[in-house]
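For reference, the structure discussed in these notes is given below.
Just so it is clear, none of the values below were taken in a lab; they were calculated from the coordinates. Quick caveat: nothing in here was measured; it's all calculated off a predicted structure. We place every Cβ from the backbone using ideal geometry, glycine too, and count neighbours over all the protein chains shown.
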Amino acid sequence: MKEVAFGQYYPAKSFVHNMDARVKILAVIAYIVAVFLVQSFQFMGFAACLLFVLIATAASGVPFGKVLKSIKGILFFIILSAILQVFFNATGNVLVEWGFIKITDKGLLNAAFIVARITLMVIGASLLTLTTSPVELADGIESLLTPLKWLKFPVHEFALIMSIALRFIPTLLDETDRIIKAQKARGADFESGNVFKKAKALIPVLIPLLISSFRRADELADAMDARCYSGSKNRTKYKKMHLTWRDLIGVLVMAGLITGVVYLNITGFLAVVV
Amino acid sequence: MRVESKDLTFIYGEGSKNLSVTALDKVSLTVEEGEFFGIIGQTGSGKTTFVQHLNGLIKVGKDKGSVIVGEYNLSDKKCDFKSLRAKVGMVFQYPEYQLFAETVKDDVAFGLKNFAPNMPEGEREKLVREAVETVGLNYDRIKEKSPFELSGGQKRRVAIAGVIVTKPEVLVLDEPAAGLDPVGKREFIELLHKLHGAFVKTIILVSHDMNLVSENCTRAAIFSHGKIHSVGTPKEIFSRYDELVELGLDLPVTASLTRALKENGIEIDSDLTVDGFIESAAKIFAGEK
């Protein structure tokens with residue numbers, strides 16, 4: 001059960017861990033934009049993104065295996081989209097033809113392109129959650145969303161809901177594990193049978209889980225009420241966020257990456273046009 | 001069924017450098033058929049991990065020792081865990097949180113439906129009725145009720161009925177009396193003895209409550225940091241007062257009294273049950289008069 005948690009926070013002291021959460025969030029957004037800016041067949045752009053991820057991983061102190069594991073959850077999705085591209089892309093030069101299936105060079109290239117795009121995106125995004133604790137993440141998002149307060153958007157409440165949700169993920173995983181064990185002890189079988197049978201077998205887990213979530217929510221609300229919690233204006237934070245030289249370096253590297261990708265795009269574009 | 005573990009080792013998060021925790025470290029323990037066996041130890045000492053091996057909820061790892069329950073060898077890949085689980089019932093902490101069905105009847109029948117899917121409806125209902133009545137509830141009155149509209153104590157009884165409905169020979173209980181009021185606790189212990197006299201041959205009770213263990217168990221083991229610190233009758237293990245305190249454990253009331261009286265020069269030799277202690281104490285004090 002514990003393996004499910006995608007990109008769960010990896011506690012360590014490192015350059016990336018010590019960066020400001022806001023900068024990291026913005027950097028990841030910029031990074032994802034960069035990955036999507038890479039035009040098809042501009043594999044140099046992907047190489048730049050990959051280099052960036054490798055440097056960031058090395059600077060984060062998170063083992064490479066741990067970062068790679070984040071793909072595991074969506075591996076099925078990646079493989080599926082690659083297969084669709086390989087078998088059902090009919091453009092380009094035909095390499096193999098077998099009945100109605102045609103494998104073309106363009107199909108293969110597109111498949112590689114999609115795999116590279118999704119993989120790079122997920123790895124980069126998971127690096128954020130691996131190096132930023134849920135609390136920092138929620139604080140960072142709250143701080144970034146502050147301008148929305150002008151539009152009467154309840155930013156603090158939104159951030160609170162988010163941090164509570166993040167906070168309860170491990171708790172609920174433990175709870176799920178416990179309930180699964182309890183039902184297994186009563187002979188429940190979650191492994192055999194077809195999809196429908198497996199889905200039905202989950203009912204004895206989901207109902208107790210739902211009930212205990214409500215119970216926990218009630219208890220938490222009571223506990224917060226008892227301490228007179230209110231998300232008022234004057235509420236201060238235990239940890240204040242500060243920008244440091246690390247963040248400057250992060251921003252510079254990020255800017256370098258974007259410039260590089262855009263430059264490759266332009267030269268690629270020019271090469272085609274001219 | 002005899003329960004036996006040999007050099008049983010279990011490591012959480014094995015392979016990870018900073019995050020792995022050794023929950024069990026070469027635990028060898030034998031519980032004979034017919035025993036009312038207690039397992040005590042601090043939180044995190046490996047008690048729960050140990051008992052979850054006994055019905056295969058946690059599988060015995062390769063080269064991590066062995067567990068044998070009756071004729072079942074749990075380190076064997078071909079072990080039939082399903083039929084094992086029908087024979088080794090397990091009551092978890094706060095068992096009422098595992099209730100899910102629409103009616104009490106369905107919830108109690110869940111285990112039977114899994115273990116014996118072909119059992120005729122009439123026979124199944126007979127067993128369900130028996131289990132619900134064994135835990136001291138009126139079957140006809142509650143069978144069609146939703147388990148969620150019952151009181152806390154009733155919920156727990158229904159949950160236990162859902163475990164004993166398959167008539168397990170070994171019953172493992174993990175901190176079963178947590179959160180019960182004194183009356184509830186007393187009734188619960190009576191229920192355990194009733195079960196132990198009926199189809200349940202062996203009871204393994206995990207608890208923080210030293211009185212519960214000294215009062216009811218034939219033998220007990222103390223777990224500490226994934227290892228077995230000591231095994232013996234309550235009298236044997238609870239006489240090592242200072243070690244227990246050092247391990248962060250309480251003493252049962254009788255052991256505390258025996259220790260305090262000993263410090264004042266009065267030696268009382270008893271089996272450390274309340275009745276046994278009073279009997280021995282009464283003799284000594286009567287003699288003094």
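Phi-derived couplings, Karplus 6.51 cos²θ - 1.76 cosθ + 1.60 at θ = phi - 60°, listed residue by residue for segment B:65-82: x, 9, 10, 10, 10, x, 8, 8, 9, 6, 7, 7, 5, 8, 4, 7, 5, 5 Hz, with x used for Gly and Pro.
For chain A, what is the mean residue ellipticity at 222 nm derived from helices alone (per DSSP H run of n ≥ 4: -39500 (n - 2.57); sum divided by total residues; nearest 500 deg cm²/dmol)?
Working: 10 runs with 185 residues, N = 274.
About -23000 deg cm²/dmol.
Angle of helix B:182-197 to the longest C-alpha principal axis of chain B, folded into 0 to 90 degrees and rounded to 10: 70°.
Over segment B:1-143, the Kirkwood radius and the radius of gyration, each from Cα atoms, give a ratio Rg/Rh of 1.03. Along the axis of the charge dipole computed for the protein assembly as shown (Cβ charges of +1 for Lys and Arg, -1 for Asp and Glu, origin at the Cα centre), the listed residues B:G70, B:H196, A:L257 are led at the positive end by A:L257.
For B:K126 and B:E32, the FRET efficiency from 1/(1 + (r/R0)^6), where r spans their Cβ atoms and R0 equals 25 Å, is about 0.20.
Taking amide hydrogens as placed 1.01 Å from N in the peptide plane, the amide H of B:S230 sits under 5 Å from those of B:I222, each at least 5 positions away in sequence or on another chain. 3J(HN,Hα) along segment A:181-188: 5, 4, 6, 4, 4, 9, x, 4 Hz, from the Karplus curve 6.51 cos²θ - 1.76 cosθ + 1.60 with θ = phi - 60°, whole Hz, x for Gly and Pro. When its C-alpha radius of gyration is set against 2.2 N^0.38 Å (N residues), segment B:177-289 gives a value of 1.17. Of the chymotrypsin sites (Phe, Trp or Tyr not before Pro) in segment A:97-143, the ones in a loop by DSSP (not H, G, I, E or B) with at most 14 other beta carbons within 10 Å are A:F100.
Exposed loop sites are taken as GluC sites (Glu not before Pro) in a DSSP loop (any state but H, G, I, E or B) with at most 12 other beta carbon atoms within 10 Å; the longest stretch of chain B without one runs B:145-266.
Going by a ≥ b ≥ c, the root eigenvalues of the Cα gyration tensor, does chain A fall in the rounded group (a/c under 1.5), the prolate group (a/b larger than b/c) or the oblate group?
oblate
Nearest 10 degrees is fine. How inclined is helix B:104-115 to the longest principal axis of chain B, computing both from alpha carbons? Around 80 degrees separate the two axes. In a simple Cβ point-charge model (Lys, Arg +1; Asp, Glu -1; nothing else charged), segment B:207-254 has a dipole of about 200 debye relative to its Cα centre. With Cα atoms as the point set, segment B:3-248 shows a radius of gyration and Dmax of 18.4, 57 Å.
Remark on segment A:225-274: Rg and Dmax equal 22.5, 71 Å (Cα only). The length gained by stretching the chain between B:D275 and B:E4 to full extension, at 0.36 nm per residue less their Cα-Cα distance, is 94.4 nm.
Within chain A, which is the longest segment that contains none of the trypsin sites (Lys or Arg not before Pro) sitting in a DSSP loop with at most 15 other Cβ atoms within 10 Å?
Details: sites that count: A:K13, A:K152, A:R227, A:K233, A:R235, A:K237, A:K239, A:K240.
With trypsin sites (Lys or Arg not before Pro) excluded where exposed in loops, chain A gives A:14-151 as its longest stretch.
Computed about its Cα centre, the charge dipole of chain B is approximately 780 debye, with only Lys, Arg, Asp and Glu carrying charge at their Cβ. Amide H to amide H distances under 5 Å link B:A23 with B:F10, B:I11, B:Y12, where only residues 5 or more positions off or on other chains count and H is placed in the peptide plane. Tilt of helix B:274-288 relative to the longest C-alpha principal axis of chain B, in degrees (0 to 90, nearest 10)? The two axes meet at around 20 degrees. The length gained by stretching the chain between A:T259 and A:W150 to full extension, at 0.36 nm per residue less their Cα-Cα distance, is 36.0 nm. The equivalent ellipsoid of the protein assembly as shown has semi-axes of 56, 31, 24 Å, largest first, where each one is the square root of 5 times an eigenvalue of the Cα gyration tensor.
Computed from the C-beta positions of A:A58 and A:L84, the FRET efficiency with R₀ = 35 Å rounds to 0.55.
In segment A:172-233, one over the average inverse separation of all distinct C-alpha pairs is 13.7 Å, which is the Kirkwood hydrodynamic radius.
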